[in-house]
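Visitor: I'd like to ask you about the structure that follows.
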Ligand code: HAS
Ligand code: HEM
Ligand code: CU
């Protein structure tokens, strides 16, 4: 009999060799560090939700001892969740997958080095964050100024992620040289494209931190130009959302069909999606700066159109992944136009986490299109609508997907078992419910004019009480409580699993869940269809991506550089 064709290598079940065990340990370190950051970050979230429910808890003595201000808490929340959790998880995930996919040996010392470097950066940045010396919010816009340790630590963290990117691209390149004429396997393709995108995207942030913020915070320069710094920040700041999203897409394409019992529809289409993200993720950042002066409307409008264009690979994903789910449900006996949905394995938390994440992203994506439309942007910009938007993108589409992944990844890496599928499911469904209620409350308040990043519950901010916000405030407060309960259940399951003894060989009981595929890409480039051949030269696509971002950002940045208005720093905390 012939095995069904999957998106993975022919024999994904491997022996636990010494090298494989070590690779698994490194991956586990990345993933556990990520979730420790999320644990602390997420505990602060409900306090902020209560604030947007009109309830001020920041004067309680215990809390006052821990957090100097609402803004210290908000800085910790944003940095730990959106920057630390994501980066550590993704670095482990997108290192492990291509190494296994290509079946190669890697330099494990180098892999350990990048982990240690990233963690050192995190610890360095954590000191000023925890001592209220870097209360700058996760966007750290100058002229707000923090301790140099914060910028240096953040810089080291990003540099470490670039080394992981380099290692993955290197092993792919070695594989290409050893296998001329072969099509890059799908999972590796997606990982390499994502890392290449991140290398183009991170240039803005690296320049901002290394050239501007570190010398300035060390007192070597007298001031910085806030608009130039902010523009470089958003060069990276929009594309970073795809650095958070694409690792979830990798799971939705390659693994979710397997959990559902169906097939991936098309490898060539999946490759097209990632090629489009590589090209188009970065030159769109000005949609965060519609209201900023000194940047011409022409460039803002160009970035707006490019933003609409970058929604297309997500729409391709929506239809393609939905078709995989329908395929799975019909194979399980599902019938009817929508009736098939009931036949999906909703009781499996690995599956439900990721599909609920997708559903949240339908709404999150739609909100993104609203934000990107320059006519609507002034209504929603800097209001509570925006946190509403990103808690159902990064806070659910990404986070809930990663939660679903660890339910199989930890057993796979360690040979331990998920202690309770019921509790895992309860955590997943309450996270989804909590975030949907949160998003409703926050979008609604935003439309009524409630600003983001504001301690509106503090005495003295009575101005918002005159708005008709009682109902959305109540929804937001309730959502914070639901999410707290959800987080407690999730972390209980996660840590019970991590602390339990190893029961079997993870490779045997929980092999990599590669999906079967309906339209494979084929193995030989010469026989592959046109789309496969056009998307294969990733290095050329990478160069094209770099040129496109230079074209779309070069004149804007140059204009700001030739007209710099350096200002001294502020300490507002
Ligand atoms: Fe966004 C602000 C525009 C996507 C995150 N965004 C933010 C901020 C964050 C963020 C953190 O144009 C705040 C930054 C700050 O602090 O100031 N965003 C977009 C657009 C998209 C988008 C056009 N955002 C994301 C993703 C994020 C994220 C992804 C994180 C992971 N965003 C903006 C704009 C702003 C902004 C403006 C600035 C606002 C302002 O004024 O400050 C697009 O990429 C969205 C495309 C998505 C879709 C949806 C596809 C749906 C899929 C699911 C299918 C479902 C299935 C399930 C298959 C078109 C793929 C079926 C189920 C069955 C049961 C059958
Ligand atoms: C901001 C609540 C989880 C990322 C906020 C705000 C609230 C909130 C109310 C707005 C604060 C303001 O604008 O003043 C929560 C709750 C959570 C949660 C209740 C769940 C228990 C997450 C997760 C992520 C995340 C999982 C990402 C992985 C962020 C970011 C900000 C934010 C980046 C913006 C910080 C800033 O403005 O500098 N959160 N959140 N949150 N949240 Fe969450
Ligand atoms: Cu954006």
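The values are calculated or read from the model by the stated rules, or taken from the named source; none is laboratory data. Small disclaimer: the values here were computed from a predicted structure and weren't measured. Every residue, glycine among them, receives a Cβ derived from its backbone with ideal geometry; neighbour counts consider all protein chains shown.
Visitor: Quick one: residue 283 ticks every box in (1) out of contact with any strand residue (DSSP E or B) (no Cβ under 9 Å at 6 or more places or on another chain); (2) in a helix (DSSP H, G or I) bar one, so which box is it?
Guide: The failed condition is (2).
Visitor: Can residue 402 be described as within 16 Å of ligand 3 (Cβ to nearest atom) and at pLDDT 95 or above?
Guide: So residue 402 does not fit the description; no.
Visitor: Here is a list: 140, 150, 113. Which entry is assigned to a helix (DSSP H, G or I), over 17 Å from residue 26 (Cβ atoms) and under 24 Å from the mean Cα position of the chain (by Cα)? First the steps, then the outcome.
Guide: Numbers: 140 fails: assigned to a helix (DSSP H, G or I); 113 fails: over 17 Å from residue 26 (Cβ atoms).
Just one listed residue meets the conditions, 150.
Visitor: Name the pairs whose Cβ atoms lie under 9 Å apart, with the first residue in region 299-319 and at pLDDT below 95, the second surrounded by 17 or more Cβ atoms within 10 Å (Cβ to Cβ), and 6 or more positions between them or separate chains?
Guide: none
Visitor: Looking for whichever is more than 21 Å from residue 45 (Cβ to Cβ), away from ligand 1 (no atom under 16 Å from the Cβ), surrounded by 22 or more Cβ atoms within 10 Å (Cβ to Cβ) and modelled with pLDDT of 95 or more here; the options are 129, 108, 95, 123. Which one fits? Write out each step before concluding.
Guide: Values: 129 fails: more than 21 Å from residue 45 (Cβ to Cβ); 108 fails: surrounded by 22 or more Cβ atoms within 10 Å (Cβ to Cβ); 123 fails: surrounded by 22 or more Cβ atoms within 10 Å (Cβ to Cβ).
None of the other options fit; the residue is 95.
Visitor: Which of the following residues is crowded, with 22+ Cβ neighbours inside 10 Å, over 20 Å from residue 192 (Cα atoms) and in contact (Cβ under 8 Å) with a residue 60 or more places away in the chain: 283, 247, 257?
Guide: The conditions single out 257.
Visitor: Within the group 344, 306, 325, 286, which residue is within 16 Å of ligand 3 (Cβ to nearest atom) and under 30 Å from residue 519 (Cβ atoms)? It would help to see each step written out before you state the result.
Guide: Details: 344 fails: within 16 Å of ligand 3 (Cβ to nearest atom); 325 fails: within 16 Å of ligand 3 (Cβ to nearest atom); 286 fails: under 30 Å from residue 519 (Cβ atoms).
Unique residue meeting the criteria: 306.
Visitor: Grab the helices (runs of 4 or more DSSP H) fully contained in region 308-400, keeping just those with 1 or more residues being surrounded by fewer than 20 Cβ atoms within 10 Å (Cβ to Cβ) and within 8 Å of ligand 1 (Cβ to nearest atom).
Guide: 312-331, 349-372, 377-380
Visitor: If you don't mind, another one. In the set 525, 499, 475, 483, which member is within 25 Å of residue 36 (Cβ to Cβ), at pLDDT 95 or above and surrounded by 13 or more Cβ atoms within 10 Å (Cβ to Cβ)? Steps first, please.
Guide: Details: 525 fails: within 25 Å of residue 36 (Cβ to Cβ); 499 fails: surrounded by 13 or more Cβ atoms within 10 Å (Cβ to Cβ); 475 fails: within 25 Å of residue 36 (Cβ to Cβ).
Just a single option satisfies the conditions, and that option is 483.
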